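A.B. asks: Let me begin by handing over the structure; questions about it come next.
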Amino acid sequence: MKIINIPKVLREKLGDDGVDALLELIENAIKRVKEDIIEIQTEKYERRITDEVSKLDKRITDEISKLRVEMREEISNLRVEFNERISKTYGNLIKWMFIFWVGQIGVITAILFTFLKFIR
């Protein structure tokens, strides 16, 4: 890939072997510069990717911790609501059991009075 034109004066001074060696030297220097640029850009890109991944990881960690806090709050709210409903249900159950027992005692008492009335 010899794109460089060597002036006639320089060709005459260096000769064909010297010009070829000079061109090879220039091409090698260009090749090294390209490799260095590629390496530097690759390192920058890798650093940037690493930074972005660490930011994303931190963001995900923060969101997960927020979600855990919200879940704990919701679970505690559900437990409180569940306990309130259970205690209300037990209260209603005891109330209706008491009403049933009072009714049963009243019916049994009425039957006993009626039975004793007929016996006398």
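The values are calculated or read from the model by the stated rules, or taken from the named source; none is laboratory data. Not measured: the values here are computed from a predicted model. Cβ sites come from the backbone with ideal geometry, for glycine too, and all protein chains shown count toward neighbours. Side chains are part of the model used for accessible areas, which takes the heavy atoms of the whole protein and leaves out ligands, DNA and RNA. Shrake-Rupley method; radii C 1.70, N 1.55, O 1.52, S 1.80 Å.
A.B. asks: Explain nothing, just the number: dipole magnitude of the chain about its Cα centre with +1 on each Lys and Arg Cβ and -1 on each Asp and Glu Cβ, in debye rounded to the nearest 20.
C.D. replies: Numbers: 22 positive and 21 negative charges, 326 e Å.
Here the size comes out at about 1560 debye.
A.B. asks: Taking the Cβ-Cβ separation of Arg32 and Lys55 as r and a Förster radius of 35 Å, what is the calculated FRET efficiency to the nearest 0.05? Before the final figure, lay out the partial values.
C.D. replies: Numbers: r = 35 Å, r/R0 = 0.99.
In this case the efficiency is close to 0.50.
A.B. asks: When we measure straight from the Cα of Lys31, which aspartates and glutamates land under 19 angstrom away, once same-chain ones fewer than 8 places off are left out?
C.D. replies: Excluding near neighbours in sequence, the set is Asp20, Glu39, Glu43.
A.B. asks: Helix 8-119: angle to the longest alpha-carbon principal axis of the chain, degrees 0 to 90, nearest 10?
C.D. replies: 0 degrees
A.B. asks: Which distance in Å, rounded to a whole number, links the C-alpha centroids of region 1-58 and region 84-100?
C.D. replies: Centre-to-centre distance over Cα atoms comes out at 88 Å.
A.B. asks: Taking the solvent-accessible surface of protein heavy atoms with a 1.4 Å probe, what is the per residue accessible area of region 12-98 in Å²?
C.D. replies: On the way: 8270 Å² over 87 residues.
With the other protein chains kept in place, region 12-98 gives 95 Å² per residue.
A.B. asks: Leaving out ligands, DNA and RNA, and with a 1.4 Å probe, what % of the accessible surface on the chain is carbon or sulfur? Before the final figure, lay out the partial values.
C.D. replies: Numbers: 7380 of 11660 Å².
Carbon and sulfur: 63 percent of the exposed surface of the chain.
A.B. asks: Something else about it: Which of the lysines could a cross-linker bridge to Lys58, judged by Cα under 28 Å and excluding same-chain residues fewer than eight apart?
C.D. replies: Lys44, Lys66
A.B. asks: Turning to a different aspect of this structure: Largest first, how would Glu24, Glu12 line up by accessible area (1.4 Å probe)? Write out the running numbers ahead of the final one.
C.D. replies: Working: Glu24 110, Glu12 135 Å².
Heavy-atom accessible area, descending, gives Glu12, Glu24.
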